Structures are given as C-alpha cells and as structure tokens.
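All of the numbers you see were taken from the coordinates with simple rules; none came from a lab. Everything numeric here is computed off the predicted structure, so don't read it as measured data. Quick reminder, even Gly has a Cβ in these numbers, built from the backbone with ideal geometry, and neighbours come from all protein chains shown.
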Amino acid sequence: MLDITRHQQANFAYGQCEPLNAPFQSEEEHLTGQQASRISYTLDSSLDSVNKVEQTAEQVARKAGVDEDEIFRISMAVREAAVNAVLHGNAYDPEKHMTASFENTGSSLVIRITDEGKGLDPSTLPDPLAPENLLRGSGRGIFLIRSFMDEVHFRQLHPGTELTLIKHLGSAPTA
Amino acid sequence: MSMKISTRQVDGVTILDLGGRITLGEGSVQLRDSVRDLLSKGQKKILLNLGEVNYIDSSGIGELVSAYTTVRNQGGELKLLNLTRKVHDLLQITKLYTVFDVKDDEASAIASYSRA
C-alpha cells in the first residue's frame with residue numbers, strides 16, 4: 001500500500017477519477033506542510049520533449065536520493081513512456097501534446113505521462129520475450145517500464161492515455 | 001547527445017566503433033544507415049564495438065536486433081563487442097543476450113568470423 005494522502009490515493013486507482021494535475025501547469029509546486037513536491041509540464045510531441053522529460057526524471061530521482069543504478073532505471077522507464085506518448089500516442093502530431101508530471105510524495109516517486117492519441121490497451125501488447133517476438137525491431141518499451149518501476153498503471157483518457165509510473169523510495173531494486 | 005561512429009577494417013571484418021547514446025531519432029538512425037551502407041558495399045562481416053555506448057533505449061535495442069537480422073538475412077554475420085554493464089543488463093532482461101554473439105575481446109571476435 002502506498003503511503004500517500006487519501007486524495008492522491010483516490011486518483012491512483014486504475015480507470016477512475018480525474019488527473020491529479022491541471023493539464024497546463026508548467027511550474028514546480030511545493031505542497032504546503034509536506035515533504036512532497038511536484039513538477040509538471042505540457043510539451044509538444046517531439047524528441048526534444050522526450051529528452052526534457054528524461055532529464056527531469058533523472059533530476060527528480062537524484063534529488064530523491066536513490067542510487068545511480070536506480071536513477072538510470074527510473075529515467076529510462078520515464079523516457080520509454082515519453083517515447084510511447086510522442087511516437088505511438090501522438091504520432092509526432094504538432095497539434096497534440098504530451099503532459100508529464102513528477103511528484104515526490106516522500107515515500108514514492110510518482111510520474112505521470114499522458115498523450116492525446118487514440119488510446120492504448122496494454123493487454124493487447126505482444127510479449128517481447130516470447131520466442132516468436134524476440135527478433136522484432138520494436139515492442140520492448142512497456143516491458144522495460146514494468147521491469148524498472150514498482151507499479152505501472154494505464155488509464156484511458158478518451159482521447160489519449162495516461163501512464164502512471166511509481167517507484168517506492170527505499171525499496172529494493174526492481175531489476 | 002548524438003552517437004559517435006567510426007569505421008575500420010581488420011582482417012576482412014568491418015568494425016563500427018560506437019560511442020554515446022543509441023536512442024530513438026539519434027543513434028538508432030545512424031546505426032541503421034551505417035549497417036545498410038556497409039551491406040550495400042558488400043561488407044557483411046560486421047562487428048559493433050559498444051564499449052563507449054553508455055545508454056541505449058528500447059528503440060536502440062530494436063535497431064541492434066534489426067541490424068542483426070538484416071545482416072543475417074543477407075548471409076552475413078553481425079556480432080557485438082565490449083558491452084558496458086548497462087547494455088549487458090538490458091540485453092539480459094530482454095533475453096537478447098543469447099541471441100547475439102557477444103565478445104569481450106576484439107582479437108577473438110575477429111577470429112570468430114567465418115572464413116568464407
């Protein structure tokens with residue numbers, strides 16, 4: 001069970017509730033009276049945005065005090081989520097945006113990436129480890145995200161998808 | 001953030017010395033173009049030296065796989081050399097480590113290619 005506020009907990013439930021952050025925030029927020037802090041961006045659908053999101057993830061993870069290997073895993077998972085949003089969700093459409101939010105609740109890092117695409121059903125994704133898929137040139141992003149994060153949640157936004165990546169601080173390495 | 005790539009020939013084997021990041025839109029495209037260029041010139045014994053590659057994402061991994069299958073389908077051989085720990089771990093996680101012929105010594109890597 002995540003050690004988070006009841007309000008936040010309600011928003012983490014898969015398939016329920018509205019996004020925690022307003023869609024067009026672009027500033028760092030410090031939650032009053034708590035150790036938690038939040039950063040959120042709205043970005044265009046470009047590789048520059050992917051790089052920015054990855055760099056932010058690295059900074060947030062470093063600030064949270066996790067070790068270098070964990071910083072690598074978190075920033076890589078976030079990069080994969082951002083690539084999915086920009087490439088597969090928004091298809092580099094300049095009219096569509098990606099949002100990225102980063103929150104340190106004190107006990108967890110919670111990163112949310114959203115796109116405005118047609119939606120993603122993770123149950124339809126082929127298993128990249130299956131022998132018949134092993135030599136495919138793509139399809140490993142979600143697998144790596146799940147390998148590196150403690151929790152991964154998908155939520156359909158109609159349109160778009162919200163991917164929530166959670167790393168419990170102080171937990172053992174996930175991979 | 002772009003990938004560095006240089007080419008050299010040793011005993012009939014083309015070695016691509018890669019450095020930096022192999023990621024979507026950057027190194028992955030360079031890698032693909034380089035391998036295709038070599039194949040177009042009939043150079044089918046290819047060794048990817050990843051000793052200076054400090055980061056690879058799933059797109060980069062996919063490009064390694066695509067390069068491997070493309071070279072193999074054209075009757076060639078593509079092998080990997082000097083994996084960093086991170087790249088090694090990623091190939092392990094994705095079960096690709098046993099797909100590729102991975103070497104940690106250049107001389108033995110070159111000697112392992114078919115003498116056709």
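Things worth noting here:
- Once you reduce segment A:124-175 and segment A:36-78 to the center of their Cα atoms, the two points are 16 Å from each other.
- Among the GluC sites (Glu not before Pro) within segment A:93-156, those in coil by DSSP and having at most 11 neighbouring Cβ atoms inside 10 Å are A:E95, A:E132.
- Hull volume in cubic angstrom per residue (convex hull over the Cα atoms of the protein assembly as shown): 133
- Karplus (6.51, -1.76, 1.60) ³J(HN,Hα), θ = phi - 60°, over segment A:159-166, in Hz, Gly and Pro reported as x: x, x, 9, 10, 10, 10, 10, 10
- Among beta bridges that DSSP assigns inside the protein assembly as shown, antiparallel share in %, nearest 5: 70
- Alpha-carbon centroids, segment B:91-114 and segment B:35-86: separation in whole Å: 11
- When DSSP beta bridges are restricted to pairs lying wholly in chain B, around 30% turn out antiparallel.
- Going from the residue with the fewest nearby Cβ atoms within 10 Å to the one with the most, B:Y55, A:Y92, B:Y68, B:Y113 rank A:Y92, B:Y113, B:Y55, B:Y68.
- The amide H of A:S108, built 1.01 Å from its N in the peptide plane, has A:L169 as neighbours under 5 Å, considering only residues 5 or more places off or on other chains.
- For segment A:40-175: relative contact order, % (alpha-carbon pairs under 8 angstrom, 6 or more apart): 26
- Over the protein assembly as shown, DSSP H runs of length four or greater, each weighted -39,500 (n - 2.57), average out per residue to a 222 nm ellipticity of -10000 deg cm²/dmol.
- Projected over all directions and averaged, the alpha-carbon convex hull of segment A:43-165 occupies 7.6 nm².
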